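Below is one structure, written out as structure tokens, with a few remarks after it.
What follows draws every value from the coordinates through simple rules; no lab data is involved. All values reported here derive from a predicted model rather than from experimental measurement. Neighbour counts are summed over all protein chains in view; Cβ atoms, including those assigned to glycine, are modelled from backbone coordinates with ideal geometry.
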Amino acid sequence: MTHAPRLPLAVGLPMAVASGLAIPVQGRINGALGARLGDGVAAAVVSFSTGLIVMVIVSLVAPRGRAGLARILPALRERRFPPYYALAGGIGAFFVFAQSFTVGLLGIALFTVATVTGQTLSGLLVDRLGIGPAGKKSVTGIRVIGCILTIAAVSWAVSPRFASAGAGTGNAAGVAPADPAALLLPVILPVLAGFLMSFQQAMNGTATVHYGTPIAATLVNFIAGTCVLWVAWSIKVAVAGPANPLPGEWWYYLGGPMGCVFIGLGALLVRSLGVLVTGLGMIAGQLLGSLGLDLLVPTPGTVVEAATVLGTLLTLASIVVATLPWPRGALRR
């Protein structure tokens, strides 16, 4: 096990926010690729496969990557951490599946709120259980308040999309708004996917400590996720046939490398910040990145409203609340 120094909050939290900026860009690219291929699962396979290629090259070229590569099998053989941690990439594959299956039914706004709710709640749980490399962190009142503020802020920031979806599409998904039972499964899937993301970050962070570098943890993550998605895509092809041919434009293949940055930084930061604060920082970066895309590279019909800007700012404030120093024992559950 390596003993690299922990990053201070003032350094680690901005890095978490910066890594979150890549999420909406990756989503925009993968969404465009899915539309081009006519197959969301195929787009996920392309994204994970290109990310895997990048991580293999980095692991072979970078000295720290080669050192981490040599530690993977010994760490697994000696059971320095539970062997199923190596399957954390399957959670990423499940997230992509939930995204491709439910966004068309729920819309991106409800999907975002559902995943953020799951991730925020599980961040508290994972920190309390001490699953990640940062150890146990108490469920204090200030952390609970920060989580509640985050969920409320994200809901506020995406509320204009709820309104536009209701006015523009009506019942386009074919699901009656008055039938909650019909929406139960589509809502549960993204909540569960978000809930599992905190466990993925904790498992990758623990593996990073034993591999000595997030490069190795990210590589193993992409191996597991790519295998799961290739199996799922093979089944889909056998049932429904292949997707459209791959596009020739280079930018369609940037989603995977962006995922490498997001997963690698997450694995690095959870040891210093804990799972909850790392997740909150990435959520803030995700909203900031979405706002920047809407302002700089808007899609047709995009309108940036005050609620989006104010909700994004409130999300940043909620992170400050969750990380404020608090008297020992105060507001503790």
In whole Hz, the Karplus estimates of ³J(HN,Hα) for region 50-61 (6.51, -1.76, 1.60; θ = phi - 60°; x where Gly or Pro) are 5, x, 5, 4, 4, 5, 5, 4, 4, 5, 8, 8
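Where does region 221-324 land on Rg/Rh, using Cα atoms and the Kirkwood Rh?
Numbers: Rg = 18.4 Å, Rh = 17.1 Å.
Taking Rg over the Kirkwood Rh, I get 1.07.
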Starting from the Cα-Cα distance between ALA240 and TYR84, subtract it from 0.36 nm times their residue separation and give me the gain in nm to one decimal.
-> 53.0 nm
Debye calc, one equal point scatterer per Cα of region 222-269, no solvent, log10 I(q)/I(0) at q = 0.13, 0.14, 0.28 1/Å comes to -0.46, -0.53, -1.03
Using alpha-carbon coordinates alone, the radius of gyration and Dmax of region 1-143 in Å work out to 18.1, 47
Approximate spin-label separation ALA317-ARG66, in nm, with each point projected 7 Å along Cα-to-Cβ | 5.2 nm
Between the alpha carbon centres of region 120-148 and region 192-253 the gap in Å comes to 26 Å
